[in-house]
Structures are given as structure tokens and as C-alpha cells.
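S.K.: Below are the C-alpha cells for one structure; questions will follow.
The values are calculated or read from the model by the stated rules, or taken from the named source; none is laboratory data. If you're wondering where the values come from, they're calculated on a predicted model, not measured in any experiment. Neighbour counts run over all protein chains shown; Cβ positions are idealised from the backbone, glycine included. Protein only, heavy atoms only, side chains kept; ligands, DNA and RNA dropped before computing areas. Shrake-Rupley method; radii C 1.70, N 1.55, O 1.52, S 1.80 Å.
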Amino acid sequence: RLFIKSSKRTDNPRKPPGPWKIPLIGSMHHLAGSLPHLALRDMAKKFGPIMHLQMGEISTVVISAPQEAKEVLKVHDISFADRPEFLSSKILGYDNLDIAFSPYGDYWKQMRKICLLELLSPKSVRSFGTLREDEASKVIRSIKSSNSPVNITDKAFTFTNDIVCRAAFGKSFAHQDRLITLINGAILASGGFDIADLFPSLKFLHSLSGLKPKLIKLHNEIDQMLETIISERKQKRANQSTPVGSQLEVEDLVDVLLRLKESGDFNIPISTDSVKAVIWVSI
């Protein structure tokens, strides 16, 4: 299901069909008492594949059919490229410097190009083939050696995290367990609907809801960890004799971003916060 959100008012009052609304809260009561995706499924059956919901101050269009989603994501993707700003993405993403929530513009285009050409290129993906095979073998051995029921969900989560962390930081990453704990905390803190995000003009709600101080605390600890990782990697790059990126040394995510930052070959300089934001959203 695809959500398109906009807090901007337009002169065109025409909106897609949707459920009845209550003043101030809009359509939010229709999502109460049920899992959101199930409630949206049931409403889409009644109101169609393009449906309008008023979520507090946020005007929201929900797309629930493949063909209509293709029109939004592929055919008219530029028209719908702007990302909504959420408190969690603003704080955890270094003021939306990551790729997922960065506003559409020159910076986003530059970072997207870096991801496509450097981080997600076929050559880069192939270079981590041995890593993926190694981690898969560990999971299989762990399951085979277990004498009790195995939680496959936990195994899959650990498998994914191990691959991502090794690809991002290399084998010598010493803070992985704590980082995964922080990732879980960030997912729990930023998941679902927060009342402050639905009423962006009421800034005091960010503090009253308790979410803002929780996110700031998470961000500060994450930032310290990423700062330590980047500092250690800079020192390693300065001391090693084999050039990073050569055939003898496989670059991980941190190496790639630092190399690009140091090159200075971009119209918009890559800051340390940009590096941290891309690392964070990648893991």
C-alpha cells in the first residue's frame, strides 16, 4: 500500500473518495481497533484503489492497486518525489540528509547517483558474495547444531543484520551488538503513527508525546558510535599501505563514503553528517 501525504492546501477541492471524517482528527478513528494494513484493505474494498484519508492536519491519498501504484512510482515519479518530513527521520537522519527522506532536489539526486554507481552497483554487490555465503553457512550450522526449536524469525533478523553490518563496517566492527540494539530501539520509537507527526503545526506535541526526547537520546548515542567508527576508519586508511579499493582490499560502505567525501568531486560537498546519515539509513 502506498501513502502520499501533503500538508499543503490547494485551490482544487476535488479529492478521491474516502470514509467520513470527524473535525480535528479527520479519518484517524477508522484505523482504531484494528491493524492499520487490514483496516486500509477493508476501506479500499469499499472506496476503491485510490482513497483519501484526512490524518489530523495531513491530507493523505492511499494507493491500493498495482497499476495505480505504478503510475505514481514510475510513470509520474517526479511529481510525487518529495518525501514527507517526520520527527523521527529529521532527528535520526541528521536533518533528513539520508537518501530515504531527503527532499527531492540536487542533494537527493547526487546521493542517489552515489548509491547507484558506488554502493549498489553490480560490481559492489558481487564483491560481497563471499560474505553472504559465509553468513548463510553460519545460520545453517547454527540451526543444524540446535537441540531445541529454532525461532526462524530471529535467525533471519540476525542473518540480515550480520550481512549489512559486515558490508557496512567490515569484519573488524566491534560495536555490532550495541548498534543492533539501537536499531531496534529506533524502529520501535519511529514506527506507527505519532500524534505529533499528524499535527505538524502544533510543535509542543513533539515534547508532550515523549517521542522527541527519546529520539534525541537515541540519536546522540548513535552519533557517538558512528563518529567513533568513522574516526577509526580514517586512522586505518591513513596508516595502511594497500590502497583501499584496490583488488587486494575490498571497500565497505564506510570506505566508499569517506573516499567520495575526500575526493571533493561533487557540486554539493559531502559532509560528515551526510556520511553518517547514509550509513544509518543503510543499516
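S.K.: Place a point 7 Å from Cα of GLU71 in the direction of its Cβ. Which residues in segment 14-53 have their backbone N less than 20 Å from it?
M.R.: Hits in segment 14-53 for GLU71 at 20 Å: 14-19, 41, 43-53.
S.K.: In segment 6-149, carbon and sulfur make up what percent of the accessible area (probe 1.4 Å)?
M.R.: 58 percent
S.K.: Need one number: nm distance between label points at ASN239 and ALA156, each 7 Å from Cα along Cα→Cβ, rounded to one decimal.
M.R.: 4.1 nm
S.K.: While we're looking at this one, here's another question. What FRET efficiency comes out for the pair GLN110/ILE163, r = Cβ-Cβ distance, R0 = 22 Å, nearest 0.05?
M.R.: Approximately 0.25, to the nearest 0.05.
S.K.: Normalising by the residue count of the chain, find the relative contact order in percent from Cα pairs under 8 Å and 6+ residues apart.
M.R.: With pairs under 8 Å counted, the relative contact order is 20 percent.
S.K.: Just the Cα atoms of the chain, one point each, no solvent: what log10 I(q)/I(0) does Debye give at q = 0.07 Å⁻¹?
M.R.: Here log10 of I(q) over I(0) equals -0.34.
S.K.: When the label point is put 7 Å from the Cα of LYS15 along its Cα-to-beta-carbon vector, which residues of segment 26-48 have a backbone N closer than 13 Å?
M.R.: 26-29
S.K.: With labels modelled as points extended 7 Å from the Cα through the Cβ direction, what inter-label distance (nm, one decimal) is found for GLU232 paired with ARG126?
M.R.: So the label points at GLU232 and ARG126 sit 3.1 nm apart.
S.K.: Using a 10 angstrom cutoff on alpha carbons, build the Gaussian network for the chain and name the most mobile of GLN54, GLN110, GLN235.
M.R.: GLN235
S.K.: Calculate, for LEU35 and GLU57, the FRET efficiency according to 1/(1 + (r/R0)^6) with r their C-beta to C-beta distance and R0 22 Å; round to the nearest 0.05.
M.R.: About 0.40, to the nearest 0.05.
S.K.: Shape of segment 76-121 from its Cα gyration tensor (a ≥ b ≥ c, root eigenvalues): rounded if a/c is under 1.5, otherwise prolate when a/b > b/c, or oblate?
M.R.: In terms of gyration-tensor shape, oblate.
S.K.: Using a/c under 1.5 as the rounded threshold, could you call segment 60-201 rounded, prolate or oblate? The axes a ≥ b ≥ c are square roots of the C-alpha gyration tensor eigenvalues, and prolate needs a/b larger than b/c, oblate otherwise.
M.R.: Prolate shape, in that a/c is at least 1.5 and a/b is the bigger ratio.
S.K.: Moving on to the next point. Over the chain, give the accessible area per residue in Å² for a 1.4 Å probe, as an integer.
M.R.: Heavy-atom accessible area per residue stands at 60 Å².
S.K.: In a GNM of the chain with a 10 Å cut-off on Cα contacts, which of ASP194, ASP77, ASP95 has the highest mean-square fluctuation?
M.R.: ASP77
S.K.: Between LYS109, LYS155, LYS212, where does the largest GNM mean-square fluctuation fall for the chain, given springs only between Cα atoms within less than 10 Å?
M.R.: LYS155
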